[in-house]
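First up is the structure itself, then whatever we jot down about it.
Just so it is clear, none of the values below were taken in a lab; they were calculated from the coordinates. Nothing here was measured: the structure is a model prediction, and the numbers come from that model. Methodologically, a virtual Cβ is constructed for each residue, glycine included, from the backbone with ideal geometry; neighbour enumeration extends over all protein chains shown.
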Amino acid sequence: MKHFEEVKSLLDEKYDLYNRPDFIADDPVSIPHLFTKKQDIEISAFFASILAWGQRKTIINKCKELMAMMGNSPHEFILNHSENDLKDLMHFKHRTFNDIDTLYFIHFFKEFYQEHDSLEEAFLLGKSSDDSEFMKQSLIAFHHFFFASELAPQRTRKHIATPERKSACKRINMFLRWMVRQDDRGVDFGIWHKIKPADLICPCDLHVDRVARKLGLIQRKQTDWQTAEELTQALRKMDANDPVKYDFALFGLGIMEGYGR
């Protein structure tokens with residue numbers, strides 16, 4: 001029990017240190033913070049999370065470039081663009097995410113927002129009576145929904161992770177944390193209310209994984225969906241209502257402090 005209390009004390013301290021507004025500027029979460037309209041926040045946050053691959057500075061610059069191509073009004077652009085307006089997007093590329101992927105994302109969002117007010121609706125498709133499986137089934141259902149169109153390119157599927165492929169789904173889980181977590185710290189948005197913070201799964205990337213293993217929060221050898229669930233279960237023992245708040249602590253320890261290297 002001493003070990004548990006020591007780990008919880010450390011994570012509470014680091015959560016308090018890193019979950020504050022000065023964290024925003026150097027993180028991809030800064031992209032949705034450029035906007036105030038709910039749909040603009042959702043769309044920009046979704047792109048920022050999916051493109052969160054590589055150096056954070058590069059990610060932020062590429063996201064700003066993409067938002068500028070949409071006139072810094074992504075929701076309006078998506079609903080009202082002409083074919084001619086899409087020409088600039090043909091030049092967008094980040095790592096393996098290219099113009100084909102960008103145009104399909106725009107297509108999906110146009111179809112979706114013509115029928116729905118909030119992207120949260122797309123993540124409620126897996127809702128069932130079994131709350132323990134909610135996020136897993138939600139992300140599986142979202143992936144099928146996102147690629148339901150006959151226009152969906154095969155190559156784009158790799159950019160949206162799913163537990164069906166055993167992925168830890170780090171980027172989608174990070175996006176959901178931004179949208180769902182509610183506190184007065186100013187980093188996460190808390191603009192979705194049908195999904196609860198208690199439902200969330202901790203984003204599990206290389207840095208979080210390394211720190212969590214050093215702290216004894218993960219025993220599973222590989223990093224996959226089950227690992228993310230195992231980590232979240234451990235964090236729920238520290239805060240059952242908001243386990244993913246400790247993402248700030250694990251990420252900060254790994255990236256800012258090099259803990260576990």
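Exactly one residue out of LEU176, LEU151 is of a type in the set (A, V, I, L, M) and assigned to a helix (DSSP H, G or I): that is LEU176. Can you tell me which residue within segment 178-190, out of those that are among the acidic types (Asp, Glu) and touching a Lys or Arg at 6+ places or on another chain (Cβ under 9 Å), is surrounded by the most Cβ atoms within 10 Å (Cβ to Cβ)? Checking each candidate, the answer is ASP188.
Of all the listed residues (VAL180, VAL187), the sole one being aliphatic (A, V, I, L, M), free of Cβ contacts under 8 Å to residues at least 24 places away in the same chain and at negative phi is VAL180.
If we keep just the residues of segment 154-172 that are in a helix (DSSP H, G or I) and in contact (Cβ under 8 Å) with a residue 60 or more places away in the chain, which is surrounded by the most Cβ atoms within 10 Å (Cβ to Cβ)? By that ranking, first place goes to ILE172. The residue that is farthest from GLU65 (Cα to Cα), among those in segment 91-103 that are part of a loop (DSSP other than H, G, I, E, B) and either in contact (Cβ under 8 Å) with a residue 60 or more places away in the chain or touching a Ser or Thr at 6+ places or on another chain (Cβ under 7 Å) (or both), is THR96.
This table checks each residue for (1) surrounded by 15 or more Cβ atoms within 10 Å (Cβ to Cβ); (2) in contact (Cβ under 8 Å) with a residue 40 or more places away in the chain.
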| site | (1), (2) |
| --- | --- |
| LEU79 | no, no |
| SER82 | no, no |
| PHE105 | yes, yes |
| HIS116 | no, no |
| ALA122 | yes, no |
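Within segment 149-166, being within 21 Å of the chain's Cα centre (by Cα) and closer than 22 Å to GLU121 by Cβ holds for THR156, ARG157, HIS159, ILE160, ALA161, THR162, PRO163, GLU164.
For every residue, the table says whether it meets (1) among the basic types (Lys, Arg); (2) free of Cβ contacts under 8 Å to residues at least 40 places away in the same chain; (3) part of a loop (DSSP other than H, G, I, E, B); (4) crowded, with 17+ Cβ neighbours inside 10 Å.
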{"position": "TRP192", "(1), (2), (3), (4)": "no, no, yes, yes"}
{"position": "CYS204", "(1), (2), (3), (4)": "no, yes, yes, yes"}
{"position": "HIS207", "(1), (2), (3), (4)": "no, no, no, yes"}
{"position": "VAL211", "(1), (2), (3), (4)": "no, no, no, yes"}
{"position": "GLN222", "(1), (2), (3), (4)": "no, yes, yes, no"}
{"position": "THR227", "(1), (2), (3), (4)": "no, no, no, yes"}
{"position": "GLU230", "(1), (2), (3), (4)": "no, yes, no, yes"}
{"position": "GLN233", "(1), (2), (3), (4)": "no, yes, no, no"}
